[in-house]
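Everything below concerns the one structure shown next.
Throughout, read-outs are computed from the coordinates displayed, never taken from laboratory work. Note that this is a predicted model, so its numbers are computed, not measured. Note that we place each Cβ from the backbone using ideal geometry, even for glycine, and neighbour counts take in every protein chain shown.
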Number of protein chains: 2
Amino acid sequence: MGSNAVVLLSGGLDSYTAAAVAKRDGFNLFALSIHYGQRHSQELDASRVVATALGVQRRLELPLDLTRIGGSALTSDRIDVPKDQPIDPGVIPSTYVPARNTIFLSVAMGWAEVLGASDIFIGVNALDYSGYPDCRPEFIRAFEQLARLATKAGVEGRPLTIHTPLIALSKAGIIRLGLSLGLDYGLTHSCYDPLPDGGPCGHCDSCRLRAAGFEEAGATDPLIRPSR
Amino acid sequence: MGSNAVVLLSGGLDSYTAAAVAKRDGFNLFALSIHYGQRHSQELDASRVVATALGVQRRLELPLDLTRIGGSALTSDRIDVPKDQPIDPGVIPSTYVPARNTIFLSVAMGWAEVLGASDIFIGVNALDYSGYPDCRPEFIRAFEQLARLATKAGVEGRPLTIHTPLIALSKAGIIRLGLSLGLDYGLTHSCYDPLPDGGPCGHCDSCRLRAAGFEEAGATDPLIRPSR
């Protein structure tokens, strides 16, 4: 019988892979999906399907409407999702959602404490998204330090470990890892701005990084229908 | 014209006083009230009234249902609010809500970034609630460190300052400060488990700390009707 772990599960390729690593390592999975007001519901639909595929112990979906705060292309209608723009790793893109991972990890920390869990898995990746400050190793380490001081568990000497199994992988490396674990990426959703039929737009940063990752991994994305 | 500050405003005596200090210091107030599923709505009703009394620029009320996580007398029906129990500063009471202040500060940090604000005010107090780990100065400093790494603003060299004007004050000291600023504590709500008519129970830790504070400050609590 393994230990409990909270896994942040968005329904995207990265979080699915990170959660699968937690499962491989023997953890009982408690999946947390925060509905923060993404422009589309496909992501959360995917998080339900993926949670089932992973056989999680429990899934908690919590709404927290960050569109009331805005400030990101993902949470504000007034900011367009960039399409076919060069991806500059030195620039934080407009899809950055202020404080998102801090909020996610905070809620996960609260749930972990109630579950008696000392482990959280998050699918952050510093390589292909170096633009997001809250995907970097130094942010994760600072959150672990905060957790020692923030919670009853921390004060009582049960520190929290935040696992980031993807942090140093390329997108191709993540896909190779997931395929080696038998994952079906056809269940996931990555696009920032899906088509009316729910399919990926193919032009946002997320679609393009995904496509390049599958290509580099020498694999076929099951989400992409072959064009004639 | 002052700078913008996000003030966490629960509707209690402490957050009202902390926000009034922000106002005295010349900040434009943006009040954030998170409805986390407290057992009663009096607290949020009070936060509306208090926000109006303070003349805030804007008030944002965000629901985030922490009863789905539970683990506290304030978020779970299965845990009783302690009444007339000795308050032991060495023990974390059952009214502790796992990760609450980390979650609140995370959301405040996101809003501050969108507003271009570098200041957050929170009414934490280490003296009369030493049992809550996330009310201590070391927690606040760790959150400031995290903020430097977590946000675009932090990475770009605009660090966040978390103001805790009450952290070293006794409850009596807080009340004296608020009265010197002309606050009407009759607008606030402190009780963890109000009576059916909305009045304070008089027996929970919060009611008892408030009563002792008013007594020590030599003041009368406008919430308490004189008994005949």
Item to check | Nonlocal amide H pairs with residue B:62, under 5 Å, H built at 1.01 Å | outcome: B:33, B:34, B:35
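Provide the net charge surrounding residue A:181, with neighbours chosen by a C-beta distance below 12 Å and charges set as Lys +1, Arg +1, Asp -1, Glu -1.
That sum, taken over residues with Cβ under 12 Å, equals +1.
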Checklist outcome for this item: Counting sequence-distant residues (5 or more places) and residues on other chains, those with an amide H built under 5 Å from that of residue A:119 are A:6, A:161
Item to check | Assigned charges on the beta-carbon of Lys, Arg, Asp, Glu; chain B dipole about Cα centre (debye) | outcome: 360
Item to check | Anchor residue B:152: aspartates and glutamates whose Cα lies under 18 Å away (excluding residues fewer than 8 positions away in-chain) | outcome: A:88, A:128, A:134, A:138, B:113, B:119, B:144
Checklist entry - Net charge near residue B:109, counting Lys/Arg +1 and Asp/Glu -1 over other residues with Cβ under 13 Å of its Cβ? => result 0
Item to check | In Hz, Karplus ³J(HN,Hα) per residue of the stretch A:75-91 (6.51, -1.76, 1.60; θ = phi - 60°; x = Gly, Pro) | outcome: 10, 9, 5, 7, 10, 6, 6, x, 10, 6, 8, x, 8, 9, x, x, 10
Checklist entry - What list of ³J(HN,Hα) couplings, whole Hz, do you get for the stretch A:18-35 from phi and the Karplus terms 6.51, -1.76, 1.60, once you set θ to phi - 60° and write x for glycine and proline? => result 4, 5, 5, 5, 4, 5, 4, 7, x, 7, 7, 8, 10, 8, 10, 10, 9, 8
Checklist entry - How do the peptides A:181-191, B:142-152 rank, highest first, by the average count of neighbouring beta carbon atoms within 10 Å per residue? => result B:142-152, A:181-191
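If you average over every viewing direction, what projected area does the convex hull of the Cα atoms of the protein assembly as shown give, in nm²?
23.1
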Checklist entry - Helix A:171-180 versus the longest principal axis of chain A: what angle, 0 to 90°, nearest 10, using Cα atoms? => result 70
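Below 10 angstrom from the Cβ of residue A:33, what's the summed charge of the other residues (Lys, Arg +1; Asp, Glu -1)?
Charge balance near residue A:33 sits at 0.
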Checklist outcome for this item: Length-normalised contact order of chain A, Cα under 8 Å, at least 6 apart, in percent, tallies to 23
Checklist outcome for this item: Residue by residue through the stretch B:201-218, the couplings from Karplus 6.51 cos²θ - 1.76 cosθ + 1.60 with θ = phi - 60°, in Hz, x for Gly and Pro, are 6, x, 10, 6, 4, 5, 4, 6, 5, 5, 4, 5, x, 4, 5, 5, 7, x
Item to check | residue A:84-residue B:68 pseudo-label distance in nm [points 7 Å out on the Cα-to-Cβ vector] | outcome: 3.8
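Share of antiparallel DSSP beta bridges in chain A, in percent to the nearest 5?
In chain A, DSSP labels about 5 percent of beta bridges as antiparallel.
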